[in-house]
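Engineer: Sharing a structure below in structure tokens format, with a few things to ask.
Rule-based calculations on the coordinates, nothing more; no lab input. It should be emphasised that the depicted structure is a prediction, and the values quoted were computed from it without experimental measurement. Heads up, the Cβs are rebuilt from the backbone with ideal geometry, glycines too, and the neighbour counts pull from every protein chain shown.
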Amino acid sequence: MSLVAGSGRLPLGRLAPCSFRAKFIMVVGAAVVFDLILGSGIAIWNVQRLSHDAADEVGAGLEKATSEYLQNYITTTVERTNLLFDQYHSEVNALAGAMQNTVDHPDLQATLGDILARDSKVTTPLTYNPGGNWWQNGQGEQSAVTVWGYLLGADKSPLPEALKEVRQSAAFDIFGPGIMQSGPPKLQMYYMGPKQAPILRSTPYNNQGEVFDRVYPGHNGQNWWDFFFPGLYENWQSWMAMPSKRPVASPITTLAPYLDGITGKTIVSFFQPLETPDKKDIAGVVGVDLTLDQMAEIVQSVKIAETGFAFLSMSDGNVLAVTEAGERTLGVKFDTGQSFDRNLSKSSQAAIAKLALPTDDSVVFDKLSLSQDGTEIPYIVLMKQLEPTNMYSTGKPVRREAMTLGFMVPEREIYASLIDAQQKISRATSSILFWQIAAVLLSLLIVLAAVFAISGRITAGLSALAEAARRLQNKDYSVRVDIPTRDEVGAVGVAFNRMAEEISYHTENLERLVEARTTELEGANREIVALNDRLKSENLRLGAELDVARQIQMMVLPKAHELSGIPKIEIAGYMKPADEVGGDYYDVLHDGTRIKVGIGDVTGHGLESGVLMLMVQSVARALQEKGSDDPKHFLEVLNSAIYKNIARTNSDKHLTLAFLDYEDRKVTISGQHEEVLILRGEGQTERIDTIDLGFPIGLEADISPFLATRETRFDSGDIIILHTDGVTEAESPRGELFGADRLCESALRYREGNAEQIIKGIMDDVMAHIGTQTIHDDITLVVMRHR
């Protein structure tokens, strides 16, 4: 291939960055790369999808199996815990049943008491302790018996009712020790007398009088029940009168965990009251104590994975039992005071502090993250409620309490096998990806070498065309190309030669064409200048017309000397149009003692609204001069005239319009417009709605069915304020409207001034509210003040 009239041959081996040959190599190479990447990507995606599906399938199965296992495990553990509490309840119930049987048979109770009192091997006499001011039996008995100081007479001897209670409760020594030694381990069992004689029996024997004096100072000066369990005794009495008040059907009441002064251990107590033979009062109470260590045996026996643990919590989040490791994980700490406080809400772990305990008997399955050594560790949490019981906390009414048993286990321990499988699949996928990429790169190198080898022959003709185009750009219009091939590139060469010939021809005639176009543009520019001059003239004419209309509008407004001549009534008006010509209307017409004040608002604003306002003013003045004194007839005739004028001018405008007719300390309001505000001389404020007093003017030919009037007094010191919606709808820069409430407040603020001062004060407040905001509507305000 050669260039005609050219400057030599274009080297075929040259590969410039922007040459067609380079682009050809890039396009073909990119297509091959895309194909290879697409195929490899699909293969990799399939491998990854299969690995993900396998991992998901294994994970779902393992998660389901684990969930079912944990739910079954916690359900079984809850049943074991419920059985443990049932055992304690059964033993308290058995002791209460035995003691209740003696109470229900007073003769048997007295006989047993006498027999046991006479047997010196069983019963030792009570002795007085002057230091503690109480009586107590000696060592070796089945139970310790103490009569407290408030049950002693003036001679320091036990009162008769106390001695009777000691004798009648002696049957406890027969039943209590046997039940104490059977069943699950217990700290102690005891009997307490009724409130009138609360003696204390407890087994096994302990020197309870001295211990109580040391641990509970002041207890010997106050009734046992009021000192230790205020309100509990009264709860039981209310249950006897009305069993439905008992939160849980069981007669047993559980005490919230507390620190036992005798043993120094945290304990839980179960009480069951005995009933008098007539079932109307309490004959005594039996109870059993067990330590939290005994309750924690079930919690500590739970083994889940390597570090999983269980915990037992009250419904308020107070953790009763948990292992030491579990306590650290939960982030709770045991407060070693008289009260037991290890609440989840006080956890150092935010997720534990927000943990919601179950509210029904279903199993709660949840996941949360705990911070351990600066790392977030995912945990699985399961919780289930135990059977409810009656629970007493010091000084509070007995309530329904359902404790919660919870399991916590790190998620990684449960799903360790799944994580291992996922890691192996990930490694296999990475290996496949590596070899796939290596194969793609090798294929790419082979393809690019082949493309480079054949691209020179394919792109030679295009290179010749590119060189010829550069010469043509340099204004060498004689250049031609010779491409012997008959393919698309050859066709382009023929087209290029024709184009070069046409360019040469048009270049010779270019100056003539430019001159012709310049002449045409000059003529068009002169026409534009003439049109601009006409537009300026038209704008000046319209501005003058608007100015005249505005002056006419302002001229027909009431003048100050007209208003000052009205006897006994001060009237002041203010109007500020939004445009050059406004659409608001107000007028004051007076004839002797009769005064007619009108106010209206034409839809929109501008010249057309201003003209309609002038029509209304003219018709109203004519009707007033004619002597029309019926407000409804006045509006009816005015509407008819305005309606016909609007129809003639083919306008879509209309207006709201209201009139106030004053005569002899009475105002008659007619027509539909904004609220009428009246400030009474006595200090009251009235807002009269005019919506039902008329109809928009100019909408209908006959508005008589809609017209009505309302009369109100207007005495000395009263003030009437009329306004258009431009006042109440004045908008602040933040988009807040001035509103009727602000208008009332502003009027009250300036009510001591005359009519002009009131208008000035109100408008100052309105303009301060508007600030830098544009005024969107005409503003009109009229103030009438009765001297």
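Engineer: Taking every pair of alpha-carbon atoms in region 559-786, what share in percent sits in each 10 Å bin, from 0 to the bin with the longest distance?
Structural biologist: 8, 34, 38, 18, 2
Engineer: What translational diffusion coefficient, to the nearest whole µm²/s, does the chain have by Stokes-Einstein, given a Kirkwood radius computed over alpha-carbon pairs, a temperature of 25 °C and 0.890 mPa s viscosity?
Structural biologist: On the way: Rh = 40.1 Å.
So the translational diffusion coefficient is about 61 µm²/s.
Engineer: Through the Karplus equation 6.51 cos²θ - 1.76 cosθ + 1.60, θ set to phi - 60°, convert the phi angles of region 364-371 into ³J(HN,Hα) values in whole Hz; use x for Gly and Pro.
Structural biologist: Using θ = phi - 60°, the values come out as 8, 10, 9, 10, 8, 10, 10, 8 Hz.
Engineer: Further question: Using helices alone, what [θ] at 222 nm do you get for the chain, with -39,500 (n - 2.57) per DSSP H run of 4 or more residues, divided over all residues and rounded to the nearest 500? Display every interim value, and only then the final one.
Structural biologist: Numbers: 20 runs with 364 residues, N = 787.
About -15500 deg cm²/dmol.
Engineer: Could you give the length gained on full extension between Lys536 and Asp741, defined as 0.36 nm per residue of separation minus the Cα-Cα distance, in nm? List each step's numbers first, then the result.
Structural biologist: On the way: separation 205, 0.36 × 205 = 73.80 nm, distance 4.66 nm.
Additional length available on full extension: 69.1 nm.
Engineer: Right, next: Only Cα pairs under 8 Å and at least 6 apart count here; give the relative contact order of region 559-786 as a rounded whole percent. Walk me through the numbers before you get to the answer.
Structural biologist: Values: 473 pairs, mean separation 56.4, N = 228.
Computed over region 559-786, the figure is 25 percent.
Engineer: Amide H of Ser369 versus every other amide H placed in the peptide plane: which residues, excluding those fewer than 5 positions away on the same chain, fall under 5 Å?
Structural biologist: Those qualifying (amide H under 5 Å, at least 5 residues apart or on another chain) are Tyr379.
Engineer: Under 5 Å between amide hydrogens, which residues at least 5 positions from Asn206 or on another chain qualify, with H placed 1.01 Å from N in the peptide plane?
Structural biologist: Sorted by chain and number, the residues that satisfy this are Ala144.
Engineer: What distance in nm separates the simple spin-label points at Lys333 and Asn206, each placed 7 Å from Cα in the Cβ direction?
Structural biologist: Spacing of the two 7 Å Cα→Cβ label points: 2.9 nm.
Engineer: Sort the following peptides by mean Cβ neighbour count (other Cβ atoms within 10 Å, averaged over residues), highest first: 685-697, 87-99. Spell out each step's value before the answer.
Structural biologist: Details: 685-697: 16.8, 87-99: 19.1.
Descending mean neighbour count gives 87-99, 685-697.
Engineer: Under a 5 Å amide H to amide H cut-off, with H placed in plane at 1.01 Å, what residues pair with Arg480 once short-range neighbours are removed?
Structural biologist: Val4
Engineer: For Ala495 and Ala516 in one chain, what is 0.36 nm times their gap in residues minus the Cα-Cα distance, to one decimal in nm? Can you show the working numbers first?
Structural biologist: Numbers: separation 21, 0.36 × 21 = 7.56 nm, distance 2.99 nm.
Length difference between fully extended and current span is 4.6 nm.
Engineer: Students often check this: by mean Cβ neighbours within 10 Å, which of 141-150, 557-566, 758-767 ranks highest, and how do the rest follow?
Structural biologist: Details: 141-150: 22.1, 557-566: 12.9, 758-767: 18.5.
The densest-packed peptide leads the list: 141-150, 758-767, 557-566.
Engineer: Right, next: Report, to the nearest 10°, how far helix 739-749 tilts away from the longest principal axis of the Cα atoms in the chain, using its own Cα long axis and a range of 0 to 90°.
Structural biologist: 80
Engineer: Roughly speaking, what is the stretch gain from Lys279 to Lys303, that is 0.36 nm per residue apart minus the C-alpha to C-alpha distance, in nm to one decimal?
Structural biologist: Numbers: separation 24, 0.36 × 24 = 8.64 nm, distance 4.79 nm.
Stretched fully, the Lys279-Lys303 segment lengthens by 3.9 nm.
Engineer: Here is a further query. For region 675-692, what does the Karplus curve 6.51 cos²θ - 1.76 cosθ + 1.60, with θ = phi - 60°, yield as ³J(HN,Hα) per residue in whole Hz, taken in order and with x for Gly and Pro?
Structural biologist: Using θ = phi - 60°, the values come out as 4, 9, 9, 10, 9, 6, x, 7, x, 6, 10, 10, 10, 9, 7, 9, 4, 9 Hz.
Engineer: PRE reach from Leu50 (point 7 Å along Cα→Cβ): which of region 428-448 fall under 18 Å by backbone N?
Structural biologist: Answer for region 428-448: 428-437.
Engineer: Under 17 Å from a point placed 7 Å out from the Cα of Asp293 along the Cα-to-Cβ direction: which residues of region 188-229 have their backbone N that close?
Structural biologist: 188-189, 204
Engineer: Still on this model: I need the phi-derived Karplus couplings for region 320-332: 6.51 cos²θ - 1.76 cosθ + 1.60, θ = phi - 60°, integer Hz, Gly and Pro marked x.
Structural biologist: Working through the residues one at a time gives 7, 9, 6, 6, 4, 5, x, 4, 5, 5, 5, x, 10 Hz.
Engineer: Please give, to one decimal in nm, the separation of the simple spin-label points placed at Leu614 and Ser348, each 7 Å out from Cα toward the Cβ.
Structural biologist: 8.8
Engineer: OK, next. Please list, by residue number, everything in region 586-626 whose backbone N is under 15 Å from a paramagnetic label point 7 Å out along Cα→Cβ of Ile552.
Structural biologist: 606-619
Engineer: Compare the peptides 126-136, 701-711 by average per-residue count of other Cβ atoms within 10 angstrom and give them in order, highest first.
Structural biologist: On the way: 126-136: 16.1, 701-711: 14.4.
Averaged packing, sorted descending, gives the order 126-136, 701-711.
Engineer: Could you work out how far apart the two model spin labels at Lys666 and Leu445 are, taking each label as a point 7 Å from the Cα in the direction of the beta carbon, and quote it in nm?
Structural biologist: Result: 11.4 nm between the two label points.
Engineer: Quick check: the angle from helix 232-241's long axis to the longest principal axis of the chain, C-alpha only, nearest 10 degrees?
Structural biologist: Approximately 90 degrees, to the nearest 10.
Engineer: Mind checking which lysines have their C-alpha under 26 Å from Lys367, skipping anything on the same chain fewer than 8 residues away?
Structural biologist: Lys64, Lys303, Lys333, Lys346, Lys354, Lys384, Lys424
Engineer: Run down the lysines and flag those whose C-alpha is under 30 Å from the C-alpha of Lys568, throwing out any fewer than 8 positions away in its chain.
Structural biologist: Output for Lys568: Lys559, Lys576, Lys596, Lys626, Lys632, Lys666, Lys760.
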